[in-house]
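A short worksheet on the structure shown next.
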Number of protein chains: 4
Amino acid sequence: MSGSTFGNHLKITTWGESHGAALGVVIDGFPAGMELSESDIQKYLDRRKPGTSSVTTPRKEDDKVEILSGVFEGKTTGTPISLLVRNTSQKSGDYSQIASYYRPGHADYGFDAKYGFRDYRGGGRSSGRETIGRVAAGALCAKLLGQMGITLTAYTKSIGPVSIDPNRFDASVIKENPVCMPDSDAAAKAFDYIQECRNELDSVGGVIECRIEGVPAGIGEPVFDKLDASMAKALMSIGAVKAVEVGDGVMVSTYKGSEDNDGFTYKDGKITTTTNHSGGIMGGISSGSDIILRCHVKPTPSISKEQSTVKQDGSPIDIVIGGRHDPVVVPRAVVVVECMAAVTLLDAMISNMSARASYITAFYNNRI
Amino acid sequence: MSGSTFGNHLKITTWGESHGAALGVVIDGFPAGMELSESDIQKYLDRRKPGTSSVTTPRKEDDKVEILSGVFEGKTTGTPISLLVRNTSQKSGDYSQIASYYRPGHADYGFDAKYGFRDYRGGGRSSGRETIGRVAAGALCAKLLGQMGITLTAYTKSIGPVSIDPNRFDASVIKENPVCMPDSDAAAKAFDYIQECRNELDSVGGVIECRIEGVPAGIGEPVFDKLDASMAKALMSIGAVKAVEVGDGVMVSTYKGSEDNDGFTYKDGKITTTTNHSGGIMGGISSGSDIILRCHVKPTPSISKEQSTVKQDGSPIDIVIGGRHDPVVVPRAVVVVECMAAVTLLDAMISNMSARASYITAFYNNRI
Amino acid sequence: MSGSTFGNHLKITTWGESHGAALGVVIDGFPAGMELSESDIQKYLDRRKPGTSSVTTPRKEDDKVEILSGVFEGKTTGTPISLLVRNTSQKSGDYSQIASYYRPGHADYGFDAKYGFRDYRGGGRSSGRETIGRVAAGALCAKLLGQMGITLTAYTKSIGPVSIDPNRFDASVIKENPVCMPDSDAAAKAFDYIQECRNELDSVGGVIECRIEGVPAGIGEPVFDKLDASMAKALMSIGAVKAVEVGDGVMVSTYKGSEDNDGFTYKDGKITTTTNHSGGIMGGISSGSDIILRCHVKPTPSISKEQSTVKQDGSPIDIVIGGRHDPVVVPRAVVVVECMAAVTLLDAMISNMSARASYITAFYNNRI
Amino acid sequence: MSGSTFGNHLKITTWGESHGAALGVVIDGFPAGMELSESDIQKYLDRRKPGTSSVTTPRKEDDKVEILSGVFEGKTTGTPISLLVRNTSQKSGDYSQIASYYRPGHADYGFDAKYGFRDYRGGGRSSGRETIGRVAAGALCAKLLGQMGITLTAYTKSIGPVSIDPNRFDASVIKENPVCMPDSDAAAKAFDYIQECRNELDSVGGVIECRIEGVPAGIGEPVFDKLDASMAKALMSIGAVKAVEVGDGVMVSTYKGSEDNDGFTYKDGKITTTTNHSGGIMGGISSGSDIILRCHVKPTPSISKEQSTVKQDGSPIDIVIGGRHDPVVVPRAVVVVECMAAVTLLDAMISNMSARASYITAFYNNRI
């Protein structure tokens, strides 16, 4: 089967492996007429690049994007947009020993069980490098959403035991610290914690939150393509994510109805909710309040501590994974979460355009 | 758009509203030759029916299923299976006042914002009755999975603050208590807690867990139709679910890599994991270990306490929701979770049949 | 796999067999707010019913449609519309002998080869009765298209050697004669020809043409969901259709470019074509000129002449097919063609609403 | 909407414009383990390249394919296969004047009507160069089909009035003459006819036939993804195709049932048909007989004769289309037809693997 395409109207198809010739994405169904240059995409890709800080891999990845199709005279044409990033820094030699055994916490065994063999270089298709295509596609969607007054802001909410203080929330510092936290103090502590774990030859997990402001009410398609269901798929499909929450998420199972229910009120000329436990989505449809999503990200499975596992033939082996690894994937995954949310939302908004017969007849009478 | 179809190869399309003439599902792509009778389906539907206990709605819902197509001489034919459940007990009069305002915690406002008007009777399409189609479809899938040695067991893990004791886990009591817990003591306490909340005119949430045993390694389609991503969509699409976890779920964000990684070992002639923090899915592909899924379910939004909200025109109103409501939806949602997991898994297993060129050539050389 | 769903945004899923309990369709993604009653659908279903004339089967089929969901207070709600037609007149006894052999020209062998066994009663799922769902769905689409000034007119162009005279074309007589021809003289001759063939215990084929007026330019999604490609699939999926033409169709292979090319001109305030060899579709996108489609329909394979074939075990058998058969399927298929074209066009028009970034931003700024 | 993806299980997504940086295709869902090198693909691409003969464009197109992903150690990995062909010979200057008017017979007006503007260089996305991706994808599918004993043979059946003589059919000469006919005499006459038309500054159409041998019975998914319906979509989506026939195609409308019906017989240990009017597909499912498909291709719309049309503002203009054009597209489209048929068939064969419950259980019991 073909699992590398996401979306119903706006479809993105990512391709590429960690150590192949290149990675990329084809975005099909993106509307015509939006101004687009490589720099619009590059600035998102740069956010997922390993930085110069010691909490990311020392691998150098240039990740320069090339637009191969779908843009003419600086504007999208409505035809498929093909984006390419060449792999330049990958050294296959680093990974050759991995071929013979299954790394704990990795997809190695699953790939072998499924396909009969695997591209073992850097995890092949299961590498985090696969997200390059997602980010490139999300950059386009975020730009168009921005033109409709919709903004997405993802950030690190916690790293291991270090959480941000909601009272110190400052969106302006998210891109200013190596862990992408909206709280400088917490960021400093998280940085120290990561260093500590790395010194123990270990890795660490964390939580990423994404807030989307300006979404009109009415977005989402019951009953299977509800906005929260599509978002859950989008976010859970990111490697290392093991839980997805919407609004108050796991807390709601401990609430009473009177605590959880968001009542409605009328403010500034429109209906809105007085609280937002539901995270902007009720019954799978946006309510007009901010959309709040959270992903729980596991620690990087590649660690330098010795671990026990088996070879392909089942015989035991103790391994130490060499190579250059991020001690934490959370900061680099922040932009991936933001981009997947953007793709999902724009797709749902396109879908909603045909929700009413009156919309369609008005569209074809007026062409807006 | 059309959001009422789920699945890639095996597609289920549910239809019907709370107070319409009927509800149902069309299952397309279900393989030919499986024995199927209405009783196979009815026993699953009966599990989601309100019981006689005081923790479920006193509404009487017969929910008798009729097979309208796709079965001949007691076996599935490979053509679409259409299943119908007539609505018999619904009284629209109960709901007429709802038409004028937006209930807190409900999809009312979203539906109006999207479609311009709504079937306000009992929540219309956003009613829990929509899950009848899901359960009916899941019953078929669970039967076929069972013939391959795969079993799904969903149960209530907690109700409000009352959790099961893992040491007292007893699957045999799940269907024996009104809250569907695998721990009779916890079940009794949960029952009391629900009663207490109901007496306070309030409602309560909880957690549902689903364990799937016997799944072969290799199931799931990277990178967007990963098994966990598809499960997340399936479960988050169930009304009232606000968070989905796989394996250790939200806990992984606090782990170190050395704590989280599942190493491999060789046991009973096959490769397996020594621990199962990953919940049987690594890199989006099944590992052969038990699959563990969890949903966090919010309290029933319909409560008898007075609440503040607005009418369609934005004017404020204080409401008390009458009618017959479940004080908790968790126990009745247990079978829905199990059934959605069954549909998702069977669809993924069908998909996996073409993962290798050698599978396809062997298939057409031998027809198995 | 699941082949009973058609459409990308507006999805129709038909179900049901010739002699099952019922047949029907679920229409998902149909926009909210269109007035709809059972009579809107019934009048289309009545067009496909066998008439009282001697050129159709003497079977009595009431085919009364029931709307089970998706309509509230006389208007579509945007949720799935489930339509049901009970089978009432089917006598399974008529067909029992068919179980043992493969009828020439029928799908019997294919079904057995695929599924391992088949519902042999009246052809099961391969029966013409399957088109009930298509017609019911098409009725809705045609109504909404009509509200946008788009009209579809299908008719019989020829029966065996008897063709209509284009100079005598009169759309008003199509529904007035038993062969659905827009030319009364040709209709009378075709009627006689069918009688003659029936007296020879034989059957006859013909050509159905469909003209769609009022389609705006710009509809169709290159490169695989081109309007002509989607129409070709829609029409070729109708049982007995063996060729599909657009515009001048098969003639174009004999043309020179200077004969085939449709030039553009400016008339009545809009750009249009001076000729219409292309049948209103160029490069897979509507040009604003009338869309012209043609299907070539084979003779009814069930004939009363003796034929040679084999049993399931390969042993030869000479058969005479009893039962009540149409000597020609063309007249009853006319409305099926019209309805499939309506579904395909409306789906493509919905798709086109997001073709431009400016459409989407205008939509969400104004909500039209 | 997103119309550049084809297929249900095996999905191909083509991208690229005539004069963009590159063209290509992503093939998702192609099974793992098939040996694949660039030469496997290049030999198909070379068949669609303009030759050195005077009946094709003098444009030089190298069209060298590069495999960017999905192949490791010479074998497909089961992950998306991304194929790239750089544009090297395109000179945009040739086309700049086209920007201002709508060429007769071209998609120019449709693209403008749809997207608001267009990439006018060489037709942009509507160029025949778009088929590069189709051919590259088809090459892979044809290879795997070949390993199952299935062969596809497409050829030119007629050019204008010059048809092949069925009695002189010789498959071995198809690739030996510039018009791809399986009859050297007809090929010579067709060649002369094309020259004649070109001297008249005109172009010419023709018919392409494709025969598929070795297809097992049972392939195709009723009722909308019937094998003939999918093939019709696949072939009609090729630019310039205006009609698609299966088996006897347009002739069946003139047949009587007794002439058209293919009876069954038992030969060489299997059930087969005595005749093949149905072209190997009955009721949308393969019968095991050869599959016969035919496309009617219009003349190249770009001709050097003067033609009348309009500019974007509706004002009239007389034009002579310069540049380097094929006087006939038929010979170069032969391989495109063959490749689209291969993609469609392999996709349908994968789909059929889950047709029976017994297949699935056997698969997971044995893994074949």
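Among the residues that make up segment B:332-341, is at least one of them within 20 Å of B:Met231 (Cα to Cα) and either of a type in the set (Gly, Ala, Ser) or over 14 Å from the mean Cα position of the chain (by Cα) (or both)? Yes: one or more hits. Taken over segment D:188-223, residues that are assigned to a helix (DSSP H, G or I) and either facing chain C (nearest Cβ under 7 Å) or buried (at least 24 other Cβ atoms within 10 Å of the Cβ) (or both) amount to 3. Summed over segment B:148-165, the residues that are open to solvent by less than 40 Å² (accessible area, probe 1.4 Å) and on the phi > 0 side of the Ramachandran plot give a count of 1.
Filtered by the rule that a residue be more than 7 Å from chain C (Cβ to nearest Cβ) and surrounded by 24 or more Cβ atoms within 10 Å (Cβ to Cβ), segment D:252-277 gives a lone residue, D:Thr273. Looking only at residues in segment A:62-77 that are open to solvent by less than 10 Å² (accessible area, probe 1.4 Å) and on the phi > 0 side of the Ramachandran plot, the one that is farthest from the chain's Cα centre (by Cα) is A:Gly70.
Candidates in segment C:352-361 are the residues that are open to solvent by 20 Å² or more (accessible area, probe 1.4 Å) and in a helix (DSSP H, G or I); of these, the one that is nearest to A:Ala32 (Cα to Cα) is C:Ser358. Only one of the numbered conditions (1) open to solvent by 20 Å² or more (accessible area, probe 1.4 Å); (2) in contact with a strand residue (DSSP E or B) (Cβ under 8 Å, 6 or more places away or on another chain) is violated by B:Leu145, and that is (1). Return the residues of segment D:114-130 that are open to solvent by less than 20 Å² (accessible area, probe 1.4 Å), at the interface with chain C (Cβ under 9 Å from one of its Cβ atoms) and under 13 Å from C:Gly283 (Cα atoms); say none if nothing qualifies. Across segment D:114-130, the qualifying residues are D:Lys114, D:Gly123, D:Arg125, D:Glu130.
Of the residues making up segment C:12-54, those that are touching a Phe, Trp or Tyr at 6+ places or on another chain (Cβ under 8 Å) and either farther than 29 Å from B:Gly3 by Cα or of a type in the set (D, E, K, R) (or both) number 4. Looking only at segment B:301-351, count every residue that is open to solvent by 10 Å² or more (accessible area, probe 1.4 Å), assigned to a helix (DSSP H, G or I), more than 9 Å from chain A (Cβ to nearest Cβ) and hydrophobic (A, V, I, L, M, F, W, C) and tell me the total. Result for segment B:301-351: 1. The residues in segment C:147-187 that are over 23 Å from C:Leu345 (Cα atoms), in a strand (DSSP E or B) and out of contact with any Gly (no Cβ under 7 Å at 6 or more places or on another chain) can be counted, and the count is 2.
Could you grab me the full set of residues in segment C:166-187 that are out of contact with any Phe, Trp or Tyr (no Cβ under 7 Å at 6 or more places or on another chain) and open to solvent by 30 Å² or more (accessible area, probe 1.4 Å)? Matches in segment C:166-187: C:Pro166, C:Asn167, C:Arg168, C:Phe169, C:Asp170, C:Ala171, C:Ser172, C:Lys175, C:Glu176, C:Ser184, C:Asp185. The set of residues from segment B:1-30 being open to solvent by less than 10 Å² (accessible area, probe 1.4 Å), in a loop (DSSP other than H, G, I, E, B) and more than 7 Å from every other protein chain (Cβ to nearest Cβ) comprises B:Ser18, B:Phe30.
For segment D:229-241, taking the residues that are open to solvent by 10 Å² or more (accessible area, probe 1.4 Å) and part of a helix (DSSP H, G or I), the one that is farthest from D:Gly279 (Cα to Cα) is identified as D:Lys233. Screening C:Val207 against (1) more than 16 Å from the chain's Cα centre (by Cα); (2) over 30 Å from D:Ile194 (Cα atoms) leaves a single unmet condition, (1).
Yes/no matrix, rows are residues, columns are (1) hydrophobic (A, V, I, L, M, F, W, C); (2) farther than 26 Å from B:Ala348 by Cα; (3) modelled with pLDDT under 95:
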| site | (1), (2), (3) |
| --- | --- |
| B:Gly7 | no, no, no |
| B:Trp15 | yes, no, no |
| B:Gly29 | no, no, no |
| B:Leu36 | yes, no, no |
| B:Leu45 | yes, no, no |
| B:Gly51 | no, yes, yes |
| B:Val55 | yes, yes, yes |
| B:Val65 | yes, yes, no |
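Any residue at all in segment D:235-250 that is more than 19 Å from the chain's Cα centre (by Cα) and at pLDDT 95 or above? So far as segment D:235-250 goes, yes, one or more of its residues are more than 19 Å from the chain's Cα centre (by Cα) and at pLDDT 95 or above.
The values are calculated or read from the model by the stated rules, or taken from the named source; none is laboratory data. Every value quoted in this text rests on a predicted model; they were computed, and no experiment measured them. Cβ coordinates were reconstructed from backbone atoms using ideal geometry, including for glycine residues, and neighbour counts include every protein chain displayed. The accessibility values were calculated without ligands, DNA or RNA, using every heavy atom of the protein model including side chains. Shrake-Rupley method; radii C 1.70, N 1.55, O 1.52, S 1.80 Å.
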